[in-house]
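The values are calculated or read from the model by the stated rules, or taken from the named source; none is laboratory data. Model, not experiment: these values are computed from the prediction. In this analysis, Cβ positions are derived from the backbone assuming ideal geometry, glycine residues included, and neighbour counts consider all displayed protein chains. The area values use the complete protein model at the heavy-atom level, side chains included, leaving out ligands, DNA and RNA. Shrake-Rupley method; radii C 1.70, N 1.55, O 1.52, S 1.80 Å.
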Amino acid sequence: MDRVKTFMKGEKPIATRDLRLSVILSFANGLLIIAQAFLIASAVTAVAIDGAVLDAVLPSLLLLLPLFLARAVLIYFAEQASFRAGAAVKRDLRARALDHLRRAGPVALAEQPTGRLVTALTDSLAAIEPYYSRYLPTASLVTLLPLAVLVAVVPSDWLSAVVLVVTAPLIPLFMVLIGGGAERMNQRQWQKLARMSGHLIDVIQGLTTLKIFNASRREAAEVARMAEDYRRDTMAVLRLAFLSSLALEFFATVSIAIVAVFIGFRLLWGEMAFFNGFFVLLLAPEFYLPLRTLGTAYHARMEAIGAAERVTELFDIPVPARPAEGTTLADGGRIDISFEDVGVVFADGRVGLDGFSLTVAAGERIALVGPSGAGKSTVLNLLLGFVAPTSGRIRVNGTPLDDIDLADWRQHIAHLSQHPHLFHADLAENIAMTDGVLDEARLETATEAAFAREIVAALPDGFSTRLGERGFGLSGGEIQRIGLARAFYRDAPLVLMDEATAHLDRDSEQKVSAAIDRLATGRTLIAIAHRLETARDADRIVLMEEGRVAATGRPGDFAGDPRLAGLIAEEVAE
Amino acid sequence: MSDLLRLLKLFRPYWLWMAGSIALSLASVLANVGLMAVSGWFITAMALAGLAGVSMNYFTPAALIRAFAIVRTVGRYGERVISHEATFRLLAELRTWFYRRIEPLAPAGLAKAHSGDVHARLSSDIDRLELVFLRFFAPVTVAALASLVVVAVLFAWHPQIAASQAVLLALAGIALPVLVAKAGGAPSERLTHQGAEMTTKLVDMLDGLGTLQAHGFDAAHAARIEALTCGMIAEETRLSRLSGLSTAGVGLATNMALFAAIALAVPAVRSGALAPADLAMVALLAMASFEAIGPLPLAAQSLGGTLASARRIFALADGAPPVAVPARPAPLPLNAADAALLSFRGVGLTYPGAARPALCDIDLDLMPGTRTGLLGASGSGKSSLVNLALRFWPPETGRISLSGTDVADLDPEDVRRQISAVSQHAHLFTASIAENLRVAAPDAPLGKLEEACRIAQVHDFIAAQPDGYDTLVGANGLKLSGGEARRIAVARALLKEAPILLLDEPGEGLDRATETAMLEALFDATGERAVLYITHRPVALERMHALLLMERSRIVDRRAAPQMG
C-alpha cells in the first residue's frame, strides 16, 4: 500500500508545474468570489433595507460584469492546467511501463495473462489520471480557500467565523472514517475488474476450442456470473462512497443552517447589520465547497490507488540483468559463438541449461536435437537476449555477449520461431518488419525465396492485405512461410530457426531446404531440428539432454544412433 | 438517433429503477433551490422585522429549511444508489447479451476481428454505455423538469425575471450543450476508435514481443504506441478545452441570471410589485436553479463517443452467423453399426475473398471403429475439412451428413456433440491444467483426467510439477512448451466422449519419439470411435485402416491400409 503511494508521489514532479498553475488560478477565482459576494450583499442591502433606487446600485452591479468574465477565464485555464498534469503522468507511465515490459522480454511475459497487462496499460492508467488532475489540486485548495473565506468573514461576524472553524474539521474526519473502509473494498474491486478483463479476452481467444467441446454456452453463464459479481462489488464500494458524501453534504448543510439561524436571530434582535449577515451567508457555502469537492476527488484518489497497484505489479515483472551501455559488435559480417559452461535457472526454479558448452564457428550450420525440455529453446532465447545466463558466459566473435548493445546485436540475427506472430498490419509490413521505406525488390526476393509468392497471390489485396491476429485464414504452414520470408528479408549473418521446415509438404520442403542452403552460405545457422532433412544438411548435430550437450558430431556420425532415431521424423512416405 | 433509441430499448426492463432515480434527483435539485430561496428570504425578513421592531413567525421558514435540507441530502444519496444500481444491472446484462450474440459467430464470423478489438468492445465499449443513463438521459430529464418548475414559480412573482431566467437557462442548457456536442462529436468518436486501436496494438506488442524484438522492431512498435498515446491526448485536450469552456460558460450564465434577477427586481421593489424581502429570495433562487444545468454540456459531449461505442457493439453483434441453426432441428439420428457416422459427398468450399477453392469435390466416409489417415501438405485444405465437420462453416457445394442426416437439418451444437477434435489452434485457457481438461468433461474425476494424460504422454510431466494437475497454465498456455500444450490438448479431446474424433496435426511440436508413443497409445484407445487423423508427417500411419492423400484442395489418392490395428 505504502509502496503504491510512494510510486504515485514519484510521478508528481512531472505534473508539479501545471498543478501549481492550476492551484494559483483556482485560488484567484476564490478571491473573486469573495469580491462578488461583497458587491451583491451591498446592492441587496441598499435596495431591500435602505430603499435605494436602481441608479444608486447600478455602479456596483455593473462592476460585477467584468468580475464574472474574469472568473470564467480563470476557471477555464485552471481546468486546462490540471488536465495537462494528468495527461503528462499518463503518458509518462505508459512509456515507462512499455519500456519495462520490453526489457523484461517475451519469456517473462509469457507468464502474464495478456488481458491483465492490457487492462493495466489502458483502464488502470486512465483511472490513475484523476489523482493528478483532480485530487491533488483539490487537496491543495482545501486549506487555502476556506482560509481566505474565513479572513473575509471575521471582520463582518466573528461568531459565524467560530461556527465555521468548529464544524470544518468534522467533515474530513467523517470522510476518513468512511473512506478507509471504501479504500479496502476498492482494492478488491480493481482486482476483480482485472480478473474479469483477463478472463474475457481468454474466453474470446478460446471461443473455437470452447465450441468444439460444446462449452461456449456454458461459458455464457460464467461471463454472466462474473459480470454480476462485478456489479455487486462495485455497488458495495459505491454505496460506501455515496454514504461518505451523504455525511459530507449533511454536515455542510447543517453547518450553513446553524450560521443562518444565528445570523437571523441577531438580525431580528437588531444586534447585527444586514449587510454583514447577508455577506456571511453568501460566503458560508463557499467555505465548505472545497471540502465537498475533496469528498468526490477523494474517491478518484481511491480508485487511482487501486489502479496504481495493477501498474506497480507490472513493474515487478523481473528484468534480465544487462549492463546499461554496450559496445557494438565488430562487424565483419561473420559471427562465431562460444558458450562457456552456461547455466540458466528460471525465476520459478526450473533449470533451463546446466553447464552447456559449445563452440560454433563462423558460417557453421548447427542442428540442435533432443527431447522436449532438453533446453534447445533456451539456447535460442539466450542468443536472442530473451533470457540471461545465470552462470557461465557467451562470447560472440570473442566479445562477451553481455557487453554488446542488445539492439545492435539483434540486428545481426534473423529469427524464425515455431509460431511466427502475425501483426495487425499489412502483409508487406509483416514480412519487412520495419516502419521505414519498404525495399520492394528485397520484398519480392524474400517472398520468392520462401515460396510464399502463391500465398501473396491468393490474398485479396496481395502485399497490402491486412492480416489479423491469426492471419487471414492462413494455414499453419503458410504462416511458417511468411515467417521464413521475414528471415530472408532480414538478411543477417546469424540465422536462428525453430523447426523451420515443419508443416511444409515434401515438394516445398526440398525447395525451402535449398533456399535455406543459400541463406546459410557464409552465415552461421543454429536450428532446432525435428526433421531429418534439417539435421542431415547441418555441418554438425548437437544432441542435447537435460540442459547440456550429450553428444556432438557430423550427421554421418549419428547414422543408426538410437538416441537420435526417435527424435527425428522421417520423410513423408509415399 | 436510431442507435440511441435501440439503446434506450435495452434499458426498458429497468424503467422503474430509472423513473425512481429521476424523481429523487429532481426532488433533491428542487430542495436545494428551495433551501437557498427560503434562506435568503428568511434573513432579509428577519432583518426587516428587527429594524421595524416587530415580531415575526420564524417557525414556518425554519421548518421549511430543515425539510429542504433533509430532502436534499437524503434524496441525493438515494438517487445515486438507485441510478448506479440500475446502470450496473444493465451493464451486467449487456455483457452477457453481447457474448451470447458473438458466440454463434465464432470462429468464422470473427476471423477478421482482432481478439484485442473484440475485447475492447466487450469491456470498455459496454462500460461506456453507462453514460447513456447516468450522464445523458437522467441529467437531461432532470434539468428540463427542474427548469420548468423554477420558471413557473418565478413567473408567479415576476414574469420578466421568469423570462430572463428562461432565456439564460436555455442558453446554458440547450445552446451551449449543442455547440459543445457539435464540436466534441468528432474528437470523442476518434478517441473511441483510437482506444480500440490502442488495445489492438498492445495485444500485438505483448503477444508478439519475441518476434518484434528479434527483428529490432520493438522500439518502433513502442514508438507507435507512444504516438497513439499522444494522438489520444491531443483529442482529450480538445475535449478538455470544450469541457473547460462549458464549465466557464455555465458559471457565467449562472452569474448573469443573478445579475438579471437583481437588475429587474430592484425597480419592482421600488414600485412595490415585489416585497423587499423577496429580492434576496429571487436572486438566490435564480442562481441555485442552474445546478441542474451544470452536467448538461458534458452529457452532450459524451454522447458522440457513447453512440460510437453503441454502434460498434451493435455492428459486431448483428453479424449473421455463418452457419444457420435450422428453425426446427431434426432429432439426432441413431447410427447403424455398419453405416458411416460422418460422410462428405462432393463437398466444395471457397472462402469469401479467396482466389482459389479450399476444398474441391471431397468424398469421405468415417465409419465407427475405423481410423482414416489424411495426408497432405500445408494449405492443401485439410483443416477446412475439420471446420466443415464442426459446422464452423457451411459447405458451398455437396452434402455433409451425420449418420445419414444432412447436417444442415441439425442443430450445430448437436453435431458437435458427436465430435471431439484437436484443432490446429487448440487454445489453453489461463487456468489450471485440470480446469483446461475439464472444458471437455466438466464432471470428470481426477482418475479420468490422469488416464487421458497418460495416453497423451503428458501425465509424467504434469505429475512432476509441484502443483500437479492444479498447475496454472500461463497466458495462451505459453508457459508450457509447444509440445506440452499440444499433448494436453490431445488429452482434452480424448476426454470428450464422442463417437467421432478429429485429430488435426496432433503431433505438432513433439519430438519423434514422444509423437510415436503418443499416437500408438492414442490409437490403442480409440476403440469404436471413428477417427480422422490429419497429418503431414508419416508417423503411425500403419495404424490406419484407410489412407487418403490430399493435394491442392482435392483428394488425389486413396488406398486401404494393409494393417488392422
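For B:Ala19, what is the net charge nearby, where nearby means another residue's Cβ is under 14 Å from its Cβ and Lys, Arg count +1, Asp, Glu -1?
Details: positive: B:Arg12; negative: B:Glu79, B:Glu85.
That works out to -1.
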(request) Would you mind checking the tilt of helix B:159-170 against the longest principal axis of the Cα atoms of chain B, expressed as 0 to 90 degrees and rounded to 10? (result) 20 degrees
(request) Nearest 100 Å² is fine: how much accessible area is buried between B and A, summed over both sides, with a 1.4 Å probe? (result) 13400 Å²
(request) Please give the helix B:482-495 orientation as an angle from the longest Cα principal axis of chain B, in degrees from 0 to 90, rounded to the nearest 10. (result) 90 degrees
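Compactness ratio of segment B:2-317: Cα Rg over 2.2 N^0.38 Å, N = residue count? Spell out each step's value before the answer.
Numbers: Rg = 25.6 Å, N = 316, 2.2 N^0.38 = 19.6 Å.
For segment B:2-317, the normalised Cα radius of gyration comes out at 1.30.
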(request) Would you kindly work out the equivalent ellipsoid of segment A:92-139 from its C-alpha gyration tensor and give its semi-axes, the square roots of five times the eigenvalues, largest first in whole Å? (result) 27, 12, 6
(message) Taking 0.36 nm per residue of sequence separation and subtracting the Cα-Cα distance, how much length would be gained by fully extending the chain between A:Glu228 and A:Glu440, in nm to one decimal?
(response) 71.0 nm
(request) Express in whole angstrom the spacing between the alpha-carbon centres of segment B:209-284 and segment B:292-346. (result) 39 Å
(message) Need the C-alpha centroid separation for segment B:18-71 versus segment A:21-58, integer Å.
(response) 23 Å
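Could you state the accessible area per residue of segment B:2-317 in Å², with a 1.4 Å probe and every protein chain left in place? Present the calculation step by step, with values, prior to reporting the outcome.
Numbers: 11270 Å² over 316 residues.
Using a 1.4 Å probe on heavy atoms only, each residue of segment B:2-317 averages 36 Å².
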(request) Report, to the nearest 10°, how far helix B:446-455 tilts away from the longest principal axis of the Cα atoms in chain B, using its own Cα long axis and a range of 0 to 90°. (result) 50 degrees
(message) Report, to one decimal in Å, the Kirkwood hydrodynamic radius for segment B:154-306 based on all distinct Cα pairs.
(response) 18.7 Å
(request) Using the structure shown, select from B:Lys201/B:Lys496; B:Lys201/B:Lys382; B:Lys382/B:Lys496; A:Lys90/B:Lys9; A:Lys211/B:Lys9 the pairs with a Cα to Cα distance greater than 27 angstrom. (result) B:Lys201/B:Lys496; B:Lys201/B:Lys382; A:Lys90/B:Lys9; A:Lys211/B:Lys9
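Note the direction-averaged projected area, equal to a quarter of the hull surface, for the Cα convex hull of chain A, in nm².
Working: hull surface 146.7 nm².
Computing the convex hull of the Cα atoms and averaging its projections yields 36.7 nm².
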(message) With a 1.4 Å probe and all protein chains left in place, how much accessible area per residue does segment B:342-563 have, in Å²?
(response) 35 Å²
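What helices does chain A hold that run 24 Å or longer along their axis, going by alpha-carbon atoms, with a Kyte-Doolittle average of -0.5 or more, using DSSP H for the helix calls?
On the way: long enough: A:12-44 (47 Å, 1.26); A:54-109 (80 Å, 0.71); A:136-156 (32 Å, 1.97); A:170-205 (52 Å, 0.21); A:216-268 (75 Å, 0.72); A:274-315 (61 Å, 0.61).
Sorted by number, the helices that extend far enough and score high enough are A:12-44, A:54-109, A:136-156, A:170-205, A:216-268, A:274-315.
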(message) No solvent, one uniform scatterer per C-alpha: report log10 I(q)/I(0) for the protein assembly as shown via the Debye equation at q = 0.08 1/Å, two decimals.
(response) -0.90
(request) Roll a 1.4 angstrom probe over the protein heavy atoms and tell me the percent of accessible area of segment B:342-563 that is carbon or sulfur. (result) 50 percent
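In square nanometres and to one decimal, what's the mean projected area of the convex hull around the Cα atoms of segment B:415-565? Present the calculation step by step, with values, prior to reporting the outcome.
Numbers: hull surface 37.5 nm².
Its Cα hull, projected and averaged over all orientations, spans 9.4 nm².
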(request) For segment B:226-265, just the Cα set please: Rg and Dmax, both in angstrom. (result) 17.2, 57
(request) Tell me the label-point distance for the pair B:Arg6, A:Thr359, using the 7 Å Cα-to-Cβ offset, in nm and rounded to one decimal. (result) 7.0 nm
(request) Compute the signed sum of charges (Lys and Arg +1, Asp and Glu -1) over the other residues within less than 12 Å, Cβ to Cβ, of A:Ser245. (result) +2
